[in-house]
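Beneath this line is the structure, given in structure tokens, with notes to follow.
The values are calculated or read from the model by the stated rules, or taken from the named source; none is laboratory data. All figures in this text were calculated on a predicted structure; none of them were measured in a lab. We place every Cβ from the backbone using ideal geometry, glycine too, and count neighbours over all the protein chains shown.
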Amino acid sequence: GPGSGKGTQCERIVKDYGLTHLSSGDLLRSEVESGSARGKRLKDIMERGELVSLDIVLELIRDAMTNNASSRGFLIDGFPRELEQGVRFEKEVAPCQFVLFFDVSEAVMQQRLLKRGETSGRVDDNEATIKKRFHTFQELTKPVIEHYRQQSKVVQIDASGSVDAVFSQVKSALESRGL
Ligand code: B4P
């Protein structure tokens, strides 16, 4: 979910495990910063707390993977955000090994996002957009977790604790999966 600590944990994971970290949100934000016409449209969508189109996200991720083709593995953060993204990704790019799900209440996520919003300057870290992002998460992203759970690919982490407490669970989970 938004504010669950995905980006934060991914930074720690890449340091210890040498994977390539690709954040769909960061890829989209750098497209926005480029000032392109497409970036302007993306900014409006992100400001509304909605998901950007599947083809754009898939293309950005595919290009980023191709540019790091010699990597030992990819950690794709904030993706898939809707079922179709996962299905298309596995069909057109590569199968996924497993999915890390950072489970935490909306109250905690909201608190973290509002705190970040005090300094982040992000168009989506405000109360109104956060509410819409939670709605998008419930409607579109939760089914992704069920889809991978049926394939026994979900590793669920209790993400309500401190960054260190969450990371220690992540480490055990990755190591039990042979990383
Ligand atoms: P993201 O960039 O994924 O933004 P996010 O959900 O806020 O997560 P982020 O990783 O940045 O933050 P984190 O929880 O680590 O998405 C933004 C928007 O981009 C989406 O709404 C959507 O429009 C678009 N988008 C992204 N991916 C897409 C896709 N695949 N398809 C379509 N559209 C897509 O951290 C939040 C805060 O909590 C930080 O300040 C952090 O310091 C703090 N924090 C983290 N862990 C903590 C802990 N354990 N304790 C206390 N604070 C903690």
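Just one of ARG149, ARG112, ARG88, ARG116 is over 22 Å from ASP55 (Cα atoms) and more than 10 Å from the ligand (Cβ to nearest atom); which is it? Only one candidate qualifies: ARG149. Among the residues of the range 18-71, those identified as surrounded by 16 or more Cβ atoms within 10 Å (Cβ to Cβ) and of a type in the set (Ser, Thr, Tyr) are THR20, SER23, SER24. Of the residues making up the range 67-120, those that are out of contact with any His (no Cβ under 7 Å at 6 or more places or on another chain) and acidic (Asp, Glu) are GLU82, GLU84, GLU90, GLU92, ASP103, GLU106, GLU118. Select, from ARG112, ARG72, ARG81, the only residue that is touching a Gly at 6+ places or on another chain (Cβ under 8 Å) and closer than 23 Å to ILE157 by Cα. The conditions single out ARG112. The number of residues in the range 42-74 that are within 12 Å of the ligand (Cβ to nearest atom) and of a type outside the set (Gly, Ala, Ser) comes to 18. In the range 152-173, what count of residues is obtained for those that are within 15 Å of the ligand (Cβ to nearest atom) and either under 22 Å from ARG112 (Cα atoms) or out of contact with any Asp or Glu (no Cβ under 9 Å at 6 or more places or on another chain) (or both)? Here the count works out to 14. The condition of being in contact (Cβ under 8 Å) with a residue 24 or more places away in the chain and near the ligand (Cβ under 6 Å from one of its atoms) holds for only one of GLY3, GLY18, that being GLY3.
Looking at LEU51, is it assigned to a helix (DSSP H, G or I) and not polar (S, T, N, Q)?
In short, no.
Within the range 79-94, the set of residues being more than 14 Å from the chain's Cα centre (by Cα) and aromatic (Phe, Trp, Tyr) comprises just one member, PHE89. Residue pairs whose Cβ atoms lie under 8 Å apart, separated by 6 or more positions or on different chains, with the first residue in the range 118-145 and closer than 13 Å to GLU106 by Cα and the second acidic (Asp, Glu) and near the ligand (Cβ under 10 Å from one of its atoms), are ILE130/ASP124; LYS132/GLU50; ARG133/ASP124; THR136/GLU50. Taking (1) within 14 Å of the ligand (Cβ to nearest atom); (2) surrounded by fewer than 16 Cβ atoms within 10 Å (Cβ to Cβ) in turn, THR141 satisfies each apart from (2). Screening ASP103 on (1) crowded, with 16+ Cβ neighbours inside 10 Å; (2) under 22 Å from GLU139 (Cα atoms); (3) touching a strand residue (DSSP E or B) at 6+ places or on another chain (Cβ under 9 Å) shows it passes everything except condition (1).
The residue pairs whose first member lies in the range 70-89 and is closer than 19 Å to PHE134 by Cα, whose second member is of a type in the set (D, E, K, R) and modelled with pLDDT of 95 or more, and whose beta carbons are closer than 6 Å, counting only pairs six or more residues apart or on different chains, are ASP77/LYS6; GLY78/LYS6.
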